[in-house]
Amino acid sequence: MRLGFGIAAVVAVLAGPVLADTVSTFKLDNGMEVVVIEDHRAPVVVHMVWYRIGAADEAPGHSGIGHFLEHLMFQGT
């Protein structure tokens, strides 16, 4: 258990500076915010899309809409 924690700590310390120097952010003409984190250690591309929807992002008087849409999209109800 200690060995696993030690390895995780070393990896976190070594990976931190590598990722921190290669982060760039910009906004597209359509308003989409893009974050690019370059890491050339492997020939791999990862793509993620995050939507700002939920209780924290709802306007006053419109509470519950994000939760309702979640049910429509993922539960088919």
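Modelled label positions at VAL44 and PHE68, each set 7 Å beyond Cα in the direction of Cβ, lie 4.0 nm from each other.
For LYS27 and GLN75, the FRET efficiency from 1/(1 + (r/R0)^6), where r spans their Cβ atoms and R0 equals 35 Å, is about 0.60.
Every read-out reported here was derived from the displayed coordinates using simple, explicitly stated rules and does not represent laboratory data. Every value quoted in this text rests on a predicted model; they were computed, and no experiment measured them. Virtual Cβ from ideal backbone geometry, glycine too; neighbours counted across all protein chains shown.
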